[in-house]
Every structure is written in C-alpha cells, then in structure tokens.
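Heads up: the structure comes next, in structure tokens.
The values are calculated or read from the model by the stated rules, or taken from the named source; none is laboratory data. All of these numbers come straight from a predicted model, not from anything done at the bench. All Cβ positions, even for glycine, are placed from backbone atoms using ideal geometry, and neighbour counts span all protein chains on display. We work out accessible area using only protein heavy atoms, side chains counted, and drop any ligands, DNA or RNA first. Shrake-Rupley method; radii C 1.70, N 1.55, O 1.52, S 1.80 Å.
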Amino acid sequence: MSSIGLFHYLMVATLMFSIGFVGVLIRKNTLVIYMCLELMLVASTIALVAFSRFNGTMDGNVFVFFILTVAAAEVAVGLAIIVALFRRRQTVQVEELNALKN
Amino acid sequence: MSDIIFHVFAFLTIGSSVAVVINHNAVNSALAFLVGLFGVAGLFVLLDSFLLAVLMILVYAGAVVALFLFIIMLLDMKGGERKAFSKPTAIAGLIGAALLAVCSTSLAKGFNLLPPADAASVIPVGATLRNYADQLFTVYLLPVQVVGFLLLIAMLGVIVLSKKFEGLEDVK
C-alpha cells in the first residue's frame, strides 16, 4: 500500500511551475528564459497526468499528448525567432533588447 | 518501495529545475533540463502512463533539448556579466514567492476536503495503448487533425523565419 497520493504529485508540479516562473523573472538570457517556460509547461503536464490517473479518466493523458505536440512546434518557431533576432542584434540578453522602450 | 522511487524522481525533477534556473552557463542549464525530463518521465511511469513517459523522452529529451543545445552552440554566447536586478524584477520575484507560498499552503491545508480516490482502486486507463487510440480517433479526432495542421504551419513558419530576404535589409 503506497502512501503517495495525488497531493504529492501536485506538490511536485506546483514547485516545478514556481521554479520555472521565478526563472523567467530573474534570468537575462532569452534562451534560458525559454527553457524555464518549457519547465512550466512540463510541470502542468505532471498535474494533468496525476489528475487523470487518480480519477481513472483518459482526458488528461490525451491532453498531455496534444501539449507535447504543441510544445514541439512552439520550440521550433521560438528558437527560429531567437536565431533571427541574434542575426540582427548580435545579442540575446533581454536588457539589451530594448528597441521598443522609448 | 514505490514511495522511495517517487521521492527519488521528485527530488531529481525539482533539483534539476533549480539547477536550470541558477546555472550561469546556458549549456549546463540545458543539460540540467534534460536530467529533469528524465525525472518527469519516471513520475509518468509511476502514474502508469507508459506511452507518455516514452513520448516525453523522445520528443522533449530527444528533439527539444537537442535543438536547444544546437542553438546555444550556434549562437556561441558569452557568459554575460551579472547585473543587479532592477527594482521591478525584485518586486515581481517577491510576488512570485508569495504566490508560491499561498499556493502550497492552500494545497496542503484544503486538500483533505475532498479526498481523492485511492490509486489502487482506480483502473489505470492510461496504461494501455488501446485507450489512447480509442480516444484519439473518436472523441479527439478533430483536435488531432488541427494539431497536424499546426505542425505543418510551424514548419512553414520556421522556414520563412530562417530565410534571408534580400530586399528587406534596409528596413532596420
């Protein structure tokens, strides 16, 4: 009899999401910010799979399936944008990308 | 036994997430992210979603992290000097920490209001491939086609984005 329940999985997901959120706020490198966004996405999939498992339904699992697909497409487009940005500005540090500021 | 395995994978996941955030070098961050994905895949196996665990490794660890590493090495960034946080960033960080505290305490306190079903009493529907096929080709048929179209659009978008346009160089 295992004592690990839904609560523990949700706790892991919450912690991972918050760590990703803090990373998005405090990091200056666009690529690392993007990686932290992916962390938040993965954290939400943990919660979905856990809910699905403990309710005996398929919907959460299928949702994660779609999230994986969308994440793959999103990473491809996002990294292409970052590369295009680097080609033009020669930097990916967010504090130097302030052309729209003033 | 499975409790110990859960704790190992949870620790792996959380620890490597922290490593992604605090590592100064982007390559180290990407490799920590890779380790964290293996932890998440382990959690999925413990949740009886074997297909999703394999997909996690294939799609994320295989494609996404490889793409990240490729781009990091392509751009060849310098370390970048550390700068102090600006005031809005510090305030936003504090708000984030407060949100985390509220979130986890409410989760810990209010959770027993509606106790979940025991894992042993619920049939693990995510364990069999047949259930995925049943859902994907009946209820979720339209989303599957939309997602396929989305992948096509993403591919075209990436091609357009990484193409060099001759006439547009003066539009800086």
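At-a-glance table
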| item | result |
| --- | --- |
| Lys, Arg +1 and Asp, Glu -1 on Cβ, resulting dipole of the protein assembly as shown about Cα centre, debye, nearest 20 | 760 debye |
| C-alpha long axis of helix A:59-89 to longest principal axis of chain A, angle in ° | 10 degrees |
| Expected 222 nm ellipticity per residue - DSSP helices of 4 or more, -39500 (n - 2.57), all of the protein assembly as shown, to 500 | -23500 deg cm²/dmol |
| Kirkwood Rh and Cα Rg combined as Rg/Rh, the protein assembly as shown | 1.00 |
| Sparse-neighbourhood loop sites, trypsin sites (Lys or Arg not before Pro) in segment A:63-102 - DSSP loop, at most 14 other Cβ within 10 angstrom | A:LYS101 |
| Modelled FRET efficiency - R0 35 Å, B:LEU151 with A:ARG88, Cβ distances, 0.05 increments | 0.85 |
| Computed accessible area, B:HIS7, all protein chains, 1.4 angstrom probe, square angstrom | 100 Å² |
| Difference of contour (0.36 nm per residue) and Cα-Cα distance, B:CYS103 to B:ASP76 | 5.9 nm |
| Nearest-0.05 FRET efficiency for B:ARG130 and B:ILE159, computed from C-beta distance (R0 30 Å) | 0.20 |
| Degrees between helix A:6-26 axis and first principal axis of chain A (Cα, 0 to 90, nearest 10) | 10 degrees |
| B:LEU58/B:ILE95 FRET efficiency (R0 51 Å; Cβ-Cβ; nearest 0.05) | 0.90 |
| Solvent-accessible area buried by B and A, counting both chains, probe 1.4 angstrom, square angstrom | 6700 Å² |
| Label-point separation, B:VAL27 to B:LEU141 (7 Å along Cα→Cβ), nm | 5.0 nm |
| Residues of chain B: accessible area per residue with a 1.4 Å probe, Å² | 63 Å² |
| Residue-span extension gain [B:SER86 to B:ILE5] - 0.36 nm each, minus C-alpha spacing | 25.0 nm |
| Choice from B:THR89, B:THR128, B:THR138 showing the highest fluctuation, given a GNM over chain B with Cα pairs closer than 10 Å | B:THR89 |
| Cα-projected label distance for A:PHE66 with A:LEU100, points at 7 Å along beta-carbon direction, nm | 2.8 nm |
